[in-house]
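The values are calculated or read from the model by the stated rules, or taken from the named source; none is laboratory data. Keep in mind it's a predicted model, so treat the numbers as computed, not measured. Backbone-built Cβ (ideal geometry, glycine too); neighbour counts: all protein chains shown.
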């Protein structure tokens with residue numbers, strides 16, 4: 001009864017969002033049944049207002065039923081995925097993990113079916129840091145187990161997920177997300193060649209320099225010294241020092 005009441009309340013809320021001409025994004029969903037119920041509700045909204053749910057989005061990608069993926073694609077929904085949360089943390093959580101609760105076959109098929117989403121044209125973006133990109137490519141947990149090997153993607157696709165697709169998710173794909181004329185100069189210079197370095201080390205890459213809208217934001221100390229680069233207003237430090245200080249420094 002409680003679950004049905006919540007489903008009804010959720011459906012009313014999303015109908016109000018659609019009627020107001022707004023977009024639902026960052027819908028935090030975990031679990032196969034939850035995704036199915038949400039897509040059911042959004043399909044009903046789309047029947048009454050065709051196209052209104054285009055670009056609506058789910059967060060996390062945890063436990064998505066493969067049979068729901070074509071439905072999401074037809075509605076032109078989006079997903080942002082936290083691959084480390086969907087795969088890595090299932091080992092780290094131990095007895096509280098979905099692996100223990102649901103079994104390995106479910107995690108293989110439902111855990112984070114990112115390739116199946118991409119293959120049908122769904123805009124999938126990344127929530128995580130560099131280690132999450134590594135996990136997209138390898139689907140490897142800390143104990144060396146590969147989950148959903150058929151859902152692994154190549155480096156170029158993972159890079160697009162982490163850049164252009166993220167810009168599309170926030171509806172600014174025409175302004176940021178790739179290095180093109182007419183877009184804001186948001187970019188980073190990395191300390192290794194992403195396309196050729198060992199894939200298992202991608203999570204250890206660090207920025208040498210970051211720019212936002214053409215302005216220097218961060219320059220790593222050794223890179224600054226090597227190139228005598230000390231732009232006004234930029235933080236000249238190391239990644240590790242900034243992490244140690246924490247967000248309160250900013």
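It is to be established whether one or more residues within segment 134-149 are under 11 Å from the mean Cα position of the chain (by Cα), part of a helix (DSSP H, G or I) and either on the phi < 0 side of the Ramachandran plot or surrounded by 20 or more Cβ atoms within 10 Å (Cβ to Cβ) (or both). Give the steps one after another, and end with the answer.
First, pick out the residues of segment 134-149 that are under 11 Å from the mean Cα position of the chain (by Cα): 136.
Filter again for part of a helix (DSSP H, G or I), leaving 136.
Next, only the ones that are either on the phi < 0 side of the Ramachandran plot or surrounded by 20 or more Cβ atoms within 10 Å (Cβ to Cβ) (or both) stay: 136.
Checking segment 134-149: at least one residue is under 11 Å from the mean Cα position of the chain (by Cα), part of a helix (DSSP H, G or I) and either on the phi < 0 side of the Ramachandran plot or surrounded by 20 or more Cβ atoms within 10 Å (Cβ to Cβ) (or both).
Among the candidates 124, 120, the residue that is within 25 Å of residue 67 (Cβ to Cβ), crowded, with 17+ Cβ neighbours inside 10 Å and modelled with pLDDT of 95 or more is uniquely 124. Residue 171 fulfils the conditions (1) within 19 Å of residue 82 (Cβ to Cβ); (2) within 15 Å of the chain's Cα centre (by Cα) except for a single criterion, (1).
Which of the residues that make up segment 204-231 are surrounded by fewer than 16 Cβ atoms within 10 Å (Cβ to Cβ), part of a loop (DSSP other than H, G, I, E, B) and touching a residue at least 12 places away in the same chain (Cβ under 8 Å)?
Correct list: 206, 213, 214, 229, 231.
Given the structure, is residue 87 in a helix (DSSP H, G or I), within 20 Å of the chain's Cα centre (by Cα), on the phi < 0 side of the Ramachandran plot and touching a residue at least 60 places away in the same chain (Cβ under 8 Å)?
Values: in a helix (DSSP H, G or I): yes; within 20 Å of the chain's Cα centre (by Cα): yes; on the phi < 0 side of the Ramachandran plot: yes; touching a residue at least 60 places away in the same chain (Cβ under 8 Å): yes.
Criteria met by residue 87.
When you check residue 201 against the structure, is it at negative phi and loosely packed, with under 12 Cβ neighbours inside 10 Å, yes or no? The answer is yes for residue 201.
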